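Report on one structure; see the data block that follows.
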Amino acid sequence: MSLIFSFYEIDDNPQRLIKPLIKKGSETAEKQLILVPEHIKFEAERDYIGSLSEQGSASFNTKVFSISRFLWYLLRYDDIYNFEIPSGITETLLLSQAINSVSEELTIYKNASQYPDFITKISEVMSELTSGNLTIDELISLDQDSKASHENILLQQKLQDISKIIKSYNALLPKNYCLRQRYQERAITLIKEVMRNTDVYISHFYRFNPEEIKLIMAMASHNDVTIYLTGDQKMVNDSNVSLFDPYDIPKRTYQTLLVEARKENIPLYHHFSSRTNREELQLAETWLKIFETTKEQKKRVNVSQDIHLVNYLNLEEEAIQVLKEIKGLVEEQGYRYKDILIATRQLSRYKLVLPKLLKEGQIPFLWDEPEKMADHPLVTLIESLKKITTTSWTRSDLLVLLRNQFFSIPCDYPEISSEVTHTGSSTLNQSENLALKTDIIKAFESQVDYLDILLEGFGVDERHPLIVEDWVSEQEIRKMLIDLDDEAIKRLENFYKQVMNLISDIRQRFSKLMDMSQFATVLKKFLIDYGVVDQLNYWRDVAIEMNEIELSKHHEQVFKVLQDFMVEMVQYHTTEKELTVSYFDILLDLFSRTNYKLPPTRLDQLVVTTIDAVQYQPRKAIFIIGLTQDVLPLSPPVSSLFNESERDALASVMPNDKDLKPPFKQKIAAEPYILALVLKLASERLHLSSFQFGEEGEEIKDSPYLTQIATAFEVVPVKARANYVSTSEVVNRYLGDMQFRQVFLTYLNRIGGYDHLISRIMSAFSWSNIPQKLPERIAQDLYGTNLHLSVSQLESFYKDPYNYFLKYGLKLQERPTYEPTVLEKGTLAHFMLDEFWKEIISGDLQLETREPKDLKAALSDVISRSIDNKAVNPAIIRRFNYNNYTAFMLERLKETISQVLFAQLELQQDLIPHDVMTETVFGDQHDKSFIAPKYSLSNGGVATLRGRIDRLERFFFQDKSYIYVSDYKSSGKKIDLTRIYDGVDLQLLIYLDVALKKFNQSQTLGMSYVSLKSRYIEHTYSTLSAEDQAKEFLKKRLNDFRAESMVLNETDVLCSIDHRLNIDNSSRVFKTKLKKNGELTKNSAVQSKESFDTLLAYANRLVVEAAERILKGDISLAPLEDTLVDTVKEGIYYPISLFDPSLPKNYYRPKSKDITIDHFKKL
């Protein structure tokens, strides 16, 4: 009995070594067991058993199992199967009860226990403990052995809370259940009895958890066990493990197994294999050599594979082109789909794109990742029910419920009802029944659409509950629904009343439920009463009719889970104490952790998998897609109950036979090796790709590994141009299908107008969304000969001319809602600051302290007086007092402004006395105190600018005055020379120019953006005294609200204006610091007087240029890269522009790069 380590080269495959051994064993009738990872078990079994059959050898003594299937094999006849392992349903229910029962005893997680995802995180910890052969008490003991720090004090409290929850859970576990550990322990005791004289081969693993290691040691104590690992003699001789070693993972695995085998006194043997032809496959080995620490000169290796590195425009374009390549390999080069594999780090990224394209292209595929049930319509329906039962439900929640395909309200549809009455549904066959139900669903959806229009017309927006309680007059309805006749409006009125009754019914049924049993009973009755069960059966039948077998199985599986859950809710309900999370939350948490079963594999199909899933054997072509910086190397982990420093502390004292998930730094170190396991699979062709832009048009950088691969294999990366799939290609794709063509032509003949429709289809071939330039005459009729522009309009033009045309030319606007708009929030924020400073300057407002809470109270008084004096628009205040949500928004706004005022008042102490002006208007025909800038245009007209300077400060020093302007921003904004150069950040320069012309003997001091964004300061452990902590806290508060500034680079002026700069060599107001010799540091945000003059001249030049282009009809669709405009996706004008970088001539205008002041001086 022994443990044999068989090492093979990274580019080799262990099955090459195993097949001769099992052939020899089958000839001598020896029992043989091969263990492989779960996801390749089917493929491995087919290959091993198939190879024995081909060679005429007996295969009945050879078994291929995954580890979980092997445990089942050992225990299948044992009495322990009379006990059950807690299902996900039971675990969720019992955990929610366990958390609830000890909630008063918890410390760190006292409040966290009310959040649904806390159950998920506790469940993850329990799973980690089981896999890691750990108990919670052992983990607490380990933490006590780790180095003491304030973070470990928190960790100790966390572990104590988790311990209380787990012990409460175990106490609630029914007697007919047992934990997974007992199954494992029982399986180990049966190995000696069941596994006599069996040769065991374990391959395609690179890491084992402690549970699996115990099982391996038990097998090796009674059998010869061979474990296949990548490595060589050097790995065996060198016992040191290092994160910088590219073979760190298999080395750690080998060292752990070695230590455990020696503890058990198991004989150890080593075997090393090498390929005869090492020139065949060297992709992985060459890749890993990049990460070796040795300084030896790496020689160029000629690999036989065809390697391509391609950067596409976006994810969708990448998917389209990759599938086009695959189609070409199959149709033109004789590949089969099973010869090809697509791998990516995040399959979820491609979930909405790849499966759809694969189905359209009629490519058989296996999506090698369990799909979660959380997105199923039945789960969405349950989530909608939960929202409707709360006090904050919205119109959006109602419409999601009504539009759910598993939900309906009985309605009166005369044309359908008469048909059913006349024929009787029982006389219809299945296809006719499906057609009838489809008509009913369409009629119901039509009523929902009309209701949506009505609610929006009534002003019921997406954030607020339905407020229309009485049916309005027919005249008002006809204004919104001009296509409905009297009978249709009457039906809509009845439908509206049914919806109101529905809301009342839902809230009544699910309010004041005493326990889970009652909830399950009420939910079941609701699903039956509203036809949800019937609808689910209907959609399952539709899926079967359309040959969507997998979809029909999904419907069945999700309903089975729901049924099981409701049964167990009744079985394990408790009335001891009301739960802190809702029963809906428990149910939704369960679905978020439950997956559909993977469909069976086919003989010839394309596999789409993740990089992390080890594959069984090579493929002719490997496509690794989505290689961007955010996914490879691995991104930081999703939050769990233990942070990385806590995991590091525990890992430092963890014994070999115990384990938790590895810390993030270990996962990062493993990334090159994991990628190597995918690279090795490509025998003929390797295609690596990334994409340049995300869904919102944001730029996404390539994975650094792509550059390293390009260097290692001397491959030139290619930037693929957008390969637009034209309308004609789409039509030809479908018309090429004989069945579709026949149906399509029959349809055209039946409806008539054949020539007209064909003409429309043909015209679509040449359709383009690129707008044509306006004739100058039309442009001047639209805007006028003289232009009156605000600075924000000017910047809008430079962001995207087409966006400017739609917004300020055509003046297109969204329908107004009851919620305060962003503009109104900004208006009120500016008003608060203006009125506050006016009362401070006039002496009408006296402050006892400058603390934010007192400032907030003073601010409320200022607003009240302004309302009484009608200084603020009452409509805006009414909008903020509309409901609890908007009232909360107003309180948050006051809180933020109070923080800003605190910072401003505190920082004013650092400055010399000076003049302050707020909300200064220029370009207003009623206020001539500030002259509007005017610019002569080539058409003889004039461009006039208007605006409002939020804060203007005038300092006096040595008989000279200096101007400093500030603008308030609701989000953080920096002064960026690149954005100034591109014309999208001209505001401060225009304001500064207006102020300098008003005070014509003044000079520039600078300009700044002041953020109005809410700030939170994280409390950290500190050993400072209370007084020093207060100073540190004040420093953080002021630093958060320090303006993003650019000021004059004259040290004497700055030091005279800002006392603190002179005393501390650092300013709290400006972004400036002094060296010890009195000079400004390199990082100080300063410019010379000449540079400011250059920037001012450039800004004025851009005003004229924009005005000329506007009046000459420039409406080009050209959004600036990395800039949010309304013509791109998610923008309000996107349905008009349809801007899509994959379409021809739809390009983001590249932003300028690395702009310095010298670029402006050269112009």
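List the lysines whose Cα lies under 18 Å from the Cα of residue 338, skipping any in the same chain that are fewer than 8 positions away.
By straight Cα distance, residue 338 reaches 41, 324, 327, 359, 620, 680.
Cα centroid distance between segment 302-354 and segment 907-954, in Å?
Spelled out, the Cα-based centre of one part sits 57 Å from the other.
Could you tell me the center-to-center distance, by alpha carbons, between segment 14-42 and segment 616-677 in angstrom?
That distance is 29 Å.
At a 10 Å Cβ-Cβ cut-off, how would you order 1105, 104, fewest neighbours first?
104, 1105
I'd like the Karplus ³J(HN,Hα) series for segment 972-977: coefficients 6.51, -1.76, 1.60, θ = phi - 60°, whole numbers in Hz, and an x wherever there's a Gly or Pro.
So the Karplus estimates, Gly and Pro as x, are x, 9, 10, 7, 10, 4 Hz.
Rounded to the nearest 0.05, what FRET efficiency do residue 1064 and residue 509 give with R0 = 56 Å and r taken as the Cβ-Cβ distance? Could you check? List each step's numbers first, then the result.
Working: r = 66 Å, r/R0 = 1.18.
Plugging the Cβ-Cβ distance into 1/(1 + (r/R0)^6) gives 0.25.
Using the Cα atoms of segment 1-52 to build a convex hull, what is its mean projected area in square nanometres?
Spelled out: convex hull of the Cα atoms, projected over all directions, averaged, 4.5 nm².
In whole Hz, what ³J(HN,Hα) sequence does segment 890-899 give by Karplus (6.51, -1.76, 1.60; θ = phi - 60°), x for Gly and Pro?
So the Karplus estimates, Gly and Pro as x, are 5, 5, 5, 5, 4, 4, 5, 4, 4, 5 Hz.
Which order do peptides 831-838, 361-368, 1069-1076 fall in by mean Cβ count within 10 Å, highest first?
Final packing ranking: 831-838, 1069-1076, 361-368.
Of the listed peptides 525-537, 215-227, what is their order by residue-averaged count of other C-beta atoms within 10 Å, with the highest listed first?
Put in order of decreasing packing, that is 215-227, 525-537.
Where does each of 980-990, 1047-1057, 1127-1137, 189-199 land if you order them by average Cβ count within 10 Å, highest first?
980-990, 1047-1057, 1127-1137, 189-199
No lab work stands behind these numbers, since they all come straight from the coordinates. All values reported here derive from a predicted model rather than from experimental measurement. Reconstructed Cβ throughout: ideal geometry from the backbone, glycine too, with neighbour counts over all protein chains shown.
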